[in-house]
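S.K.: Input: one structure, supplied below.
The values are calculated or read from the model by the stated rules, or taken from the named source; none is laboratory data. Worth saying up front: this structure is predicted, and the values here are computed from it rather than measured. Heads up, the Cβs are rebuilt from the backbone with ideal geometry, glycines too, and the neighbour counts pull from every protein chain shown. For the accessible areas, the whole protein counts, side chains as well, though only heavy atoms, and no ligand, DNA or RNA atoms are used. Shrake-Rupley method; radii C 1.70, N 1.55, O 1.52, S 1.80 Å.
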Amino acid sequence: MTSLDRYPGVPVTVVMPTYNEAANLPRMAELVLGLPIDGLHLKIVDDSSPDGTGRIAEELAEKYNWNGRRMSVLHRTEKDGLGRAYVAGMSAALAEGAAYVVQMDADGSHPVEAVPRMLGTAVASGVGLVVGSRYVEGGSLDEEWGRHRVLLSRFANRYARTVLGTKIRDITAGFNLWSAATLRDIDLATLDSAGYSFQVELKFKAVRAGHSAVEIPIRFEERTEGVSKMNLSTQIESAVMPVRLRLRNRRG
């Protein structure tokens, strides 16, 4: 893959939403900010976590910003969904001049070391989206995932792909790198999804807008600290959203 030495100072912002991730955030910040990408910035989007994640994020920003602005914290006053947290963070990243924006969970499930490979792929190929994929050759899931969760995840991807007619194998993936041009074409303010279905809606609209996607294999790890934010309402939204997108597109 293309060496990043050819692209010094490419402005890349990792947007990382948090809610009660105090146990995970210090390690994640260290890993992300240790990546060999000169223009990398970490933006935490905290939804007023009661466990003090927002305060810890500010302390980490002070620690890492001694030699330039490498980390920032966006505090939101309410927890109204992962999708809206991402819209806030990604919109801020674009306004600050990011050329690429990375979506990454704060729980350690996404392999930080894959970010340079994703960036290299995007710069070399010119695609608008690089997906860190569990379901292409070479991708995998942590063995601690139970059979039920694996089947549910695979079904959700197959269901969304079938309804929407997309070739992206891991359309529900939450580990993605976007070009600024792609995000601007999508118009983040028009997205409807509040929860995890945001991942599907964003990819669908990018492809519909004419942007290409490349999937690279990753290993998806189980979180070691904290609990999953997935609940019944987000599962229902994730099931309904592909149908809504398909019907809306037909009317258009």
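S.K.: Of the conditions (1) in a loop (DSSP other than H, G, I, E, B); (2) modelled with pLDDT of 95 or more; (3) open to solvent by 10 Å² or more (accessible area, probe 1.4 Å), ALA98 satisfies every one except a single condition; which number is it?
M.R.: Result: ALA98 fails condition (3) only.
S.K.: So which residues in the stretch 48-58 are open to solvent by less than 10 Å² (accessible area, probe 1.4 Å) and not small (Gly, Ala, Ser)?
M.R.: THR53
S.K.: Please determine, by comparing only the residues of the stretch 108-133 that are touching a strand residue (DSSP E or B) at 6+ places or on another chain (Cβ under 9 Å) and in a loop (DSSP other than H, G, I, E, B), which one is farthest from ASN157 (Cα to Cα).
M.R.: GLY126
S.K.: Okay, moving on. Criterion first (modelled with pLDDT under 75 and in a helix (DSSP H, G or I)) does GLN235 satisfy it?
M.R.: Answer is yes for this residue.
S.K.: Let me ask another. Looking only at the stretch 29-45, decide whether some residue is among the aliphatic types (A, V, I, L, M), part of a helix (DSSP H, G or I), at pLDDT 95 or above and out of contact with any helix residue (DSSP H, G or I) (no Cβ under 7 Å at 6 or more places or on another chain).
M.R.: no
S.K.: Related question: Within the stretch 130-174, count every residue that is touching an Asp or Glu at 6+ places or on another chain (Cβ under 9 Å) and aliphatic (A, V, I, L, M).
M.R.: Count: 6.
S.K.: Does ASP80 satisfy the condition of being closer than 26 Å to ILE216 by Cα and either assigned to a loop (DSSP other than H, G, I, E, B) or at pLDDT below 95 (or both)?
M.R.: no
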